[in-house]
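The values are calculated or read from the model by the stated rules, or taken from the named source; none is laboratory data. What you see is a predicted model, and the numbers here were worked out from it, not measured in a lab. When we count neighbours, we look across all protein chains shown, and the Cβ atoms used for this are built from the backbone with ideal geometry, even at glycine.
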Amino acid sequence: MPAPAGRELTWGRRFLMCPPEHFGVLYEINSWMHSEVAVDPDRAREQWEALVAALRSAGAQVELQPAVPGLPDLVFTANAGVVNGRQFVPARFRHPERQGETPHDIAWFSDHGYRVEELPLGVSHEGAGDALPFGSVLVSGYRIRTDAASHAYLSKLTGAAVRSVELVDPRLYHLDLTFCPLDERRAMVAPLGWDRYGRRVMEALVPEPLVLGEEATLQFCANSVVVGRTVVMPACPPAVGRQLEAWGFEVEVVDVSEFQKAGGACRCLTLALDVELGR
Ligand code: ARG
């Protein structure tokens, strides 16, 4: 008998994405990126289209932001900022290589009627890549890309209670490589990426965790997009698939290997636009 379903996430039906016209590995700002490894632009385009198709057939709407030459990581819209209703808090990127994205992100959100409210200068925060809502709180990672100091500002700007989790493994440099909310009670978690205190925070927060082992974690299983009861994943080892199915989820695997060359997968390529913090 499958366990009774938890209530579905209140968000994850509308996403912002950016086509990979100018995507590539042109610099190295995480341990997955090797600029001598070429990206196949046709394959990248096909994989990205397949992700869009999977999200749409799961019932999500996809909105598009134009690609910009010279900004190869703009495809990873998760990092644009934090969305809260009609409020948009743009990221402050750690690395200069990505800082040029922010004016384009701000332009998209203000053109679409969002109120843009910025974090103070000199404090890094890498958007939804490091901030995911779970229940009534916003879980935010810090140390590798995001400064712990940003959390208090984010909480003040959005009104959300922020739970801070320290990221300790350079391969798992964003929270969304270690945490994937599934429904109101369940989430995929990769404790490998967290310090001891962070593990305790997450244990207390998630009543029914699906704990990913090292192999599943490094295949970026947590970097999945949840649309209602569909989980769109870059890879799914059998044991993970069995648990998700036992919980009533449908698994959809989309190969995003070209994007993994830059250290990103399904979740990183999307930014949920229908998040209302504190709900
Ligand atoms: N190359 C990008 C970077 O290092 C990948 C971003 C992945 N995004 C994410 N939300 N994990 O910044």
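Annotations for the structure displayed:
- Residue in the stretch 39-46 that is closer than 12 Å to ASP73 by Cα and either over 17 Å from the mean Cα position of the chain (by Cα) or modelled with pLDDT under 95 (or both) present: no
Matching residues to (1) closer than 23 Å to LEU157 by Cβ; (2) within 13 Å of the ligand (Cβ to nearest atom); (3) of a type in the set (A, V, I, L, M); (4) modelled with pLDDT under 95:
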residue	(1), (2), (3), (4)
ARG13	no, no, no, no
CYS18	no, yes, no, no
ASN30	no, yes, no, no
GLU36	no, no, no, no
TRP48	no, no, no, no
VAL68	no, no, yes, no
PHE76	yes, yes, no, no
ASN84	yes, no, no, no
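- Screening VAL201, VAL253, VAL275, VAL226 for residues that are among the hydrophobic types (A, V, I, L, M, F, W, C), farther than 29 Å from SER35 by Cα and more than 16 Å from the ligand (Cβ to nearest atom) leaves exactly one candidate, VAL201.
- Pairs linking a residue in the stretch 215-231 that is within 15 Å of SER257 (Cβ to Cβ) to a residue that is part of a helix (DSSP H, G or I) and among the β-branched types (Val, Ile, Thr), with Cβ atoms under 7 Å and 6 or more positions apart or on different chains, are CYS221/VAL240.
- Residue under evaluation ALA190, criteria (1) under 21 Å from ARG94 (Cα atoms); (2) within 16 Å of the ligand (Cβ to nearest atom); (3) among the aliphatic types (A, V, I, L, M), criterion not met: (1)
- Hey, ARG143 more than 18 Å from GLU276 (Cα to Cα), charged (D, E, K, R) and surrounded by 21 or more Cβ atoms within 10 Å (Cβ to Cβ) or not: no
- Qualifying helices (runs of 4 or more DSSP H) (wholly inside the stretch 117-228; at least 2 residues being under 26 Å from LEU74 (Cα atoms) and modelled with pLDDT of 95 or more): 150-158, 214-218
- Out of LEU218, LEU210, sole residue that is away from the ligand (no atom under 15 Å from the Cβ) and farther than 23 Å from GLY81 by Cβ: LEU210
- Where a residue in the stretch 139-151 is over 14 Å from TYR197 (Cα atoms) and its partner, wherever it lies, is assigned to a loop (DSSP other than H, G, I, E, B) and β-branched (Val, Ile, Thr), with Cβ under 6 Å and at least six apart: ASP147/VAL123; ALA149/VAL123; SER150/VAL123
- Applying the condition of being within 15 Å of the ligand (Cβ to nearest atom) and free of Cβ contacts under 8 Å to residues at least 60 places away in the same chain to the stretch 152-176 and asking which residue is surrounded by the most Cβ atoms within 10 Å (Cβ to Cβ) yields LEU175.
- Unmet requirement for ALA54, which otherwise passes all of (1) surrounded by 18 or more Cβ atoms within 10 Å (Cβ to Cβ); (2) of a type in the set (A, V, I, L, M); (3) within 16 Å of the ligand (Cβ to nearest atom): (3)
- Applying the condition of being in a strand (DSSP E or B) and more than 14 Å from CYS221 (Cα to Cα) to the stretch 233-279 and asking which residue is farthest from the chain's Cα centre (by Cα) yields GLU250.
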